[in-house]
Ligand code: ADP
C-alpha cells in the first residue's frame, strides 16, 4: 500500500486548504500510508482529524472512524462535505431504515470515510457489511476511552479490538487521543491490538493561548466575569463552573445582562443539552456556561476565551477545558478565577468520590492520595509566580526551555521511555512538588517576559517574599504535630485569645503569637506550602495541616517562598494594553476589522442557509486573513490559508463580492 505522501499533501492543500501538515500530523499520515499502525497523542486542537481524514481520501476503500461523539457526527460529515469529501455516519440517531440505506450506499462505494459509534460494531448488519467491504484503515478517535484508567472509560470500546481482528483483511489501525498517561497508552496498544505502532506525541504548548489567574472572592466573581465578557462582546466563549447550581446562577446572571448565554450540565434533559450545544456551536448563543460535562469533542474552532469560574480539581482537567479556546489558532484567553472556597470544594470532592467506590480502605487511600496530589498541583498553578505556561508544560513533562513550539517524538514501537513519557509518568504519579517546584523561590526569571504569554509574565501580579512567615508556619505545624486545621494554626501563630486555644493549652506553645502577619496572608502561606508539597492538608470534614513530602526541605538555609499579589490597577492596565487585544488573530487595521465584521456576518448568513455551524464555512483565522489580504481574484482567494478548491467553488463568489462592495464604499 505504498501511497506517496505527496498525494496526501495535495489532498491537504486542495481539499482542506492547508499549506502544510502540522507537526505530528505528517508522521501519523506517513505511517498509515506506509501500512503501519499508529498511536497519536496530541492535545485538543492539534488537528487529530486530519490524521485520518487525509488518508481516508487517499486510500482506496472505506475508512472507518470509531468515535464516541455521536452528537457531533452529523456536523463532522457536513464539514467533510464542504471540503468535497464523501463522508457518512452510522449511529443510533439514525432509524434502522436510514442505517440500512447508509450501508447500502457504502457497499456501492459512495463514501471515503464513515464515522461509526462503537456500539454499531457489534450490530450484525454492520459486521456483515464489514466482512465484505474493503476497509483499508480503521481510526479510533478518543482512544483513551478503551482504558479503565482513563477518565472516560466506555465498555463499548472493548469490542473494537475484536471487530478489527474479525475483519477478513486486517486494516491499518490508528489510535488518537489527547490524554494518555503511560498506563492508558499501554492499554490502548494492548486492547486495540495495535501492531508495532509508531508513537507520535506532539507538544502540549498552545502558543496562541494566553493564560491568566486571578484570585477573586466569591462575591466579586460576577463583576469580574462581567468586565471580562464586556471586553469581548463579539466573541464566543465558555464559562466553566464546578457545580450545576453555579451554572444556573451564572447563566441567568449573564442573560439578565443581555448576553446570549446558554447552559449545559448533566442535570438537563438530553434534548435540552443537545439544543443548547447546537445554539452555541451555531453562534446563536455565543456564551456557554457549563460544568465539566460539556466539551469533550466539541469542534468549535472560534472559541476565543474559556473562563473558569471555579478552580478545577486537576491540571489535566484545567488544561483540557482551557484548551477548547483558540482551536483555530487565533489568540485566545484562558482566565481562571479562584478563591479559597474552591480549594475546600476540591478536597470535599476527593472525599466524596473515593467514598463512592467499591474499594478496600487501602485502595481508596491510594486513589485519594493521587487525587490529592493532582489537586495540590492545581493549587500550585493558582499560586505560582512563575510563567503559567511554563508551569503547565512542566506538569506535562515538557520544560519548554530551549524548545520551539511543538516538541515531537516520533519513534518506532509501542515501548516506553521517551522524555515526554517520563514527564507524563511524573505527572500521572501526581508529583505536584516536581510540577509545582517553581512555587517556592519563583523559578528563574524569563529572559524577556512576554505580556501576551500569561498574567504572570505581564507583571499583572507582584511578587511578595513570605519566607519568614513560611518558616513560622512550618515551626508551628511541627509543634502542633499535625493535629489541627488551618484556622487553628493561624490563630496560634497570631496569638489569638480563643476558647479553643485556651482549652487545649496552646497559648503556652512556643509558636503562640510568634507571627504578626495578617490572617488572610497566613492562610495563603499555609495553602502555598501545601501546594509546594512542604505541608499536606487532609480532606474530610475536619481537614488537618500536617507534614508534606518536602517537609524537611523547608528547614534548609536556602529555602525561600514567594507569593503573588494582584498588582495595582494602573500597572495591570498597562500590562493588559501591552498584551494587546484578542480576537480575530492577525493584526488588523481598523478598516480590516470593519471588513472582518462584514465577512463574519456574511459567514453567519451562509452558514444558517446551509444549516452548518459558521466555522464549517470558514474559521475566524481565514476570515481575518481574507480581511487583511483582500483577495480580488479566484487565484488570490485560493491563496488565503484555509481556502481549498471546494471552498472556492462554494463560497468564492459571495465573499469576493462582499470584499469588492466593502472596498467600493471605502
Ligand atoms: P483535535 O481533534 O486534535 O482537537 P481538530 O482536528 O478539530 O483538532 O483540528 C483543530 C483545528 O485545527 C481545526 O480548526 C482545523 O481546521 C485546524 N487544522 C488542522 N490541521 C491543520 C493544518 N495542517 N493547518 C492549519 N490548520 C489545521
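The residue of the range 13-28 that is farthest from residue 86 (Cα to Cα), among those that are near the ligand (Cβ under 7 Å from one of its atoms) and touching a helix residue (DSSP H, G or I) at 6+ places or on another chain (Cβ under 6 Å), is 25. Answer yes or no: is there a residue in the range 97-115 that is in contact (Cβ under 8 Å) with a residue 60 or more places away in the chain and within 15 Å of the ligand (Cβ to nearest atom). The answer is yes, given that some residue of the range 97-115 is in contact (Cβ under 8 Å) with a residue 60 or more places away in the chain and within 15 Å of the ligand (Cβ to nearest atom).
For the range 531-547, a tally of residues being buried (at least 22 other Cβ atoms within 10 Å of the Cβ), modelled with pLDDT of 90 or more and not in a strand (DSSP E or B) returns 1.
Where residues in the range 608-620 are over 14 Å from residue 75 (Cβ atoms) and buried (at least 24 other Cβ atoms within 10 Å of the Cβ), which of them is modelled with the highest pLDDT? Applying the filter and picking the extreme gives 618. Among the residues making up the range 137-188, those that are more than 27 Å from residue 321 (Cα to Cα), in contact (Cβ under 8 Å) with a residue 24 or more places away in the chain and part of a helix (DSSP H, G or I) are 159, 160, 161, 163, 164, 165, 166. In the condition set (1) surrounded by 22 or more Cβ atoms within 10 Å (Cβ to Cβ); (2) within 24 Å of the chain's Cα centre (by Cα); (3) closer than 30 Å to residue 643 by Cβ, residue 66 is compliant with all but (3). Scanning the range 634-644 for residues that are more than 16 Å from the ligand (Cβ to nearest atom) and touching a helix residue (DSSP H, G or I) at 6+ places or on another chain (Cβ under 8 Å) yields a count of 3.
Is it the case, given these coordinates, that residue 438 is modelled with pLDDT of 90 or more and either buried (at least 18 other Cβ atoms within 10 Å of the Cβ) or not in a strand (DSSP E or B) (or both)?
Details: modelled with pLDDT of 90 or more: no; either buried (at least 18 other Cβ atoms within 10 Å of the Cβ) or not in a strand (DSSP E or B) (or both): yes.
No.
Sort out which residues of the range 189-217 are without any contact (Cβ under 8 Å) to a residue 60 or more places away in the chain, in contact with a strand residue (DSSP E or B) (Cβ under 9 Å, 6 or more places away or on another chain) and surrounded by fewer than 23 Cβ atoms within 10 Å (Cβ to Cβ), and write them in order of number. Residue satisfying the conditions is 193 alone.
Here residue 7 clears all of (1) within 15 Å of the ligand (Cβ to nearest atom); (2) farther than 19 Å from residue 139 by Cα; (3) in contact with a helix residue (DSSP H, G or I) (Cβ under 6 Å, 6 or more places away or on another chain) except the condition numbered (1). Taking the conditions (1) in contact with a strand residue (DSSP E or B) (Cβ under 6 Å, 6 or more places away or on another chain); (2) within 28 Å of residue 205 (Cα to Cα); (3) away from the ligand (no atom under 13 Å from the Cβ) in turn, residue 52 satisfies each one other than (3). Checked against the criteria, residue 459 does not count as surrounded by 15 or more Cβ atoms within 10 Å (Cβ to Cβ), modelled with pLDDT under 75 and part of a loop (DSSP other than H, G, I, E, B).
Only residues that are surrounded by 20 or more Cβ atoms within 10 Å (Cβ to Cβ) and either more than 30 Å from residue 316 (Cβ to Cβ) or within 11 Å of the ligand (Cβ to nearest atom) (or both) were counted across the range 29-46, and they come to 9.
Checking the structure you have, find out if any residue of the range 509-517 is crowded, with 19+ Cβ neighbours inside 10 Å and part of a helix (DSSP H, G or I). The answer is no, given that none of the residues of the range 509-517 is crowded, with 19+ Cβ neighbours inside 10 Å and part of a helix (DSSP H, G or I). Among the residues of the range 281-305, those that are more than 16 Å from the ligand (Cβ to nearest atom) and closer than 22 Å to residue 319 by Cβ comprise 287, 288, 289, 290, 291, 292, 293, 305. Given the structure, is residue 603 within 16 Å of the ligand (Cβ to nearest atom), modelled with pLDDT of 90 or more and touching a helix residue (DSSP H, G or I) at 6+ places or on another chain (Cβ under 9 Å)? For residue 603, the condition - within 16 Å of the ligand (Cβ to nearest atom), modelled with pLDDT of 90 or more and touching a helix residue (DSSP H, G or I) at 6+ places or on another chain (Cβ under 9 Å) - is met.
When you check residue 154 against the structure, is it assigned by TED's automatic domain parsing to the domain that holds residue 61 and touching a helix residue (DSSP H, G or I) at 6+ places or on another chain (Cβ under 6 Å), yes or no?
yes
With the condition kept exactly as written, say whether any residue in the range 58-67 is touching a strand residue (DSSP E or B) at 6+ places or on another chain (Cβ under 7 Å), within 12 Å of the ligand (Cβ to nearest atom) and assigned by TED's automatic domain parsing to the domain that holds residue 26. Scanning the range 58-67 turns up at least one residue that is touching a strand residue (DSSP E or B) at 6+ places or on another chain (Cβ under 7 Å), within 12 Å of the ligand (Cβ to nearest atom) and assigned by TED's automatic domain parsing to the domain that holds residue 26. Return yes or no: is residue 87 over 23 Å from residue 27 (Cβ atoms), within 15 Å of the ligand (Cβ to nearest atom) and buried (at least 20 other Cβ atoms within 10 Å of the Cβ)? Taking the combined requirement at face value, the residue satisfies it.
The values are calculated or read from the model by the stated rules, or taken from the named source; none is laboratory data. Note that the coordinates shown come from a computational prediction; the quantities given were computed from them, not determined experimentally. Because the Cβ atoms are built from the backbone with ideal geometry, glycine has one as well, and the counts that use them run over all protein chains shown.
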